[in-house]
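What follows is a set of notes on a single structure, which appears directly below.
The values are calculated or read from the model by the stated rules, or taken from the named source; none is laboratory data. In this text, all values refer to a predicted model and were calculated from it rather than measured experimentally. So basically every Cβ, Gly included, is an ideal-geometry build from the backbone, and we count neighbours across all protein chains shown. These accessible areas exclude ligands, DNA and RNA; they are computed on the full protein's heavy atoms, side chains included. Shrake-Rupley method; radii C 1.70, N 1.55, O 1.52, S 1.80 Å.
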Amino acid sequence: MHELAFPLLVALIALALAFDYLNGLHDAANSIATVVATRLLSPVQAVAFAAVFNFAAYFLTIAFPALHAVADTIGKGLIDKDLVTPSVIFGALVGAMFWNVVTWLKGIPSSSSHALVGGLIGSGVAHAGLTGIKWTGLNKTLIAIVLSPTLGMILAMLIMLITSWMFHRATARTAEKSFRALHLVSSAAYSLSHGLNDAQKTMGLITVLLYSTGYLTGDFEVPHWVAISCYIAIALGTLTGGWKIIETMGSRITRLSQHQGFSSSLSGSIILFSASALGIPVSTTHTITGAIIGAGTARRASAVRWGVARSVVTAWIITIPASAAVGALFYGLTTLF
């Protein structure tokens, strides 16, 4: 157990919630890009819609507590929880927030999730070396970097194919009306799954912080007040929005119809709900980007702006090492004081 003055504990928890807020702001585009790009909802309506369903994930976990498995992976599945110190948590948060701010200002849809994983790994290794890494948890997270956008793309293409066949006898007006309604439902499901997976990452950090400082005893479980605080923080962040990233996600990668918007958000929500059930902290950004590319490719490959897609993938590749380096740096700075 590591001693930490209560005011410093409160400050670290506040920093974690600030990251959660920033995560919601940074990832607002994930939830609303398709409905904004297709003009299904206005931007103001879309962020309010997404924020409500981000928070609604809290009630889903009350009914299904097993869905909090992602918090366990972040809290004790990447770095040995007995080796985590307040300095490790500080380094992880600053590393992740630094990368989020940089990519947000540049309008690059990078992954807040992988920024946090990178910050935690960098800070943890700086503290305890490679022996502190829980390779099982890290490996499944790294595998998900490749699998989540790939599966999102394939699933979106399949949904496009199946629904095109289902509506091939419908008039254009009937199909458009149906896909508008379906798109709204699938977007709600995606926002719900986004809040579920992403808010848990901060929950895991706060929980392991409480454990390492002796404020959490007994089983390693997310306290009720931590869960609701994290869901509120990410919903407020989503309400703020990240308009540059919304533009990249919603229109620069490919132009979307209601049919494609529905297929993208439905496939993304299926991937995220599955990952949450398996305790895998996947990137919501990677997942929905892959789904959007899949929906665009289903129309025709030339509909996708592959130059923009390549720049997005480049940001993905450097996210974990960049945030890990910053996390290790700030962990080192705390040891000086």
For Phe167, the lone unmet condition from (1) surrounded by 24 or more Cβ atoms within 10 Å (Cβ to Cβ); (2) out of contact with any His (no Cβ under 7 Å at 6 or more places or on another chain) is (1)
Condition set at pLDDT 85 or above and more than 16 Å from Ser191 (Cβ to Cβ), scope the stretch 291-314, selection surrounded by the most Cβ atoms within 10 Å (Cβ to Cβ): answer is Ala295
By residue number, the members of the stretch 165-223 that are assigned to a loop (DSSP other than H, G, I, E, B) and charged (D, E, K, R) are Arg169, Asp219, Glu221
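Under the condition of being assigned to a helix (DSSP H, G or I) and at pLDDT below 85, which residue from the stretch 264-287 is nearest to Leu147 (Cα to Cα)? Walk me through how you get there before you give the answer.
Keep residues of the stretch 264-287 that are assigned to a helix (DSSP H, G or I), which gives 264-278, 284-287.
Next cut, at pLDDT below 85 only: 284-286.
Values: Thr284: 12, Thr285: 13, His286: 10 Å.
The residue in question is His286.
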Of Phe98, Phe167, the only residue that is under 18 Å from Thr202 (Cβ atoms) and aromatic (Phe, Trp, Tyr) is Phe98
Worksheet entry | Flag if Ser187 is over 30 Å from Gly332 (Cβ atoms), surrounded by 13 or more Cβ atoms within 10 Å (Cβ to Cβ) and modelled with pLDDT of 90 or more | yes
Given the condition of a type in the set (Asp, Glu) and part of a loop (DSSP other than H, G, I, E, B), answer yes or no: does some residue in the stretch 2-14 qualify?
yes
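How many of the residues making up the stretch 112-156 are touching a strand residue (DSSP E or B) at 6+ places or on another chain (Cβ under 8 Å) and open to solvent by less than 50 Å² (accessible area, probe 1.4 Å)?
Taking the stretch 112-156 and keeping what is touching a strand residue (DSSP E or B) at 6+ places or on another chain (Cβ under 8 Å), we get 120-121, 124-125, 128, 132-134.
Now narrow it down to the ones that are open to solvent by less than 50 Å² (accessible area, probe 1.4 Å): 120-121, 124-125, 128, 132-133.
So the answer is 7.
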Given the conditions (1) open to solvent by less than 10 Å² (accessible area, probe 1.4 Å); (2) within 21 Å of Leu266 (Cβ to Cβ); (3) touching a Pro at 6+ places or on another chain (Cβ under 9 Å), every one holds for His26 apart from (2)
Taking the stretch 78-95 and the residues there that are at pLDDT 90 or above and of a type in the set (Gly, Ala, Ser), the one that is nearest to the chain's Cα centre (by Cα) would be Ala92
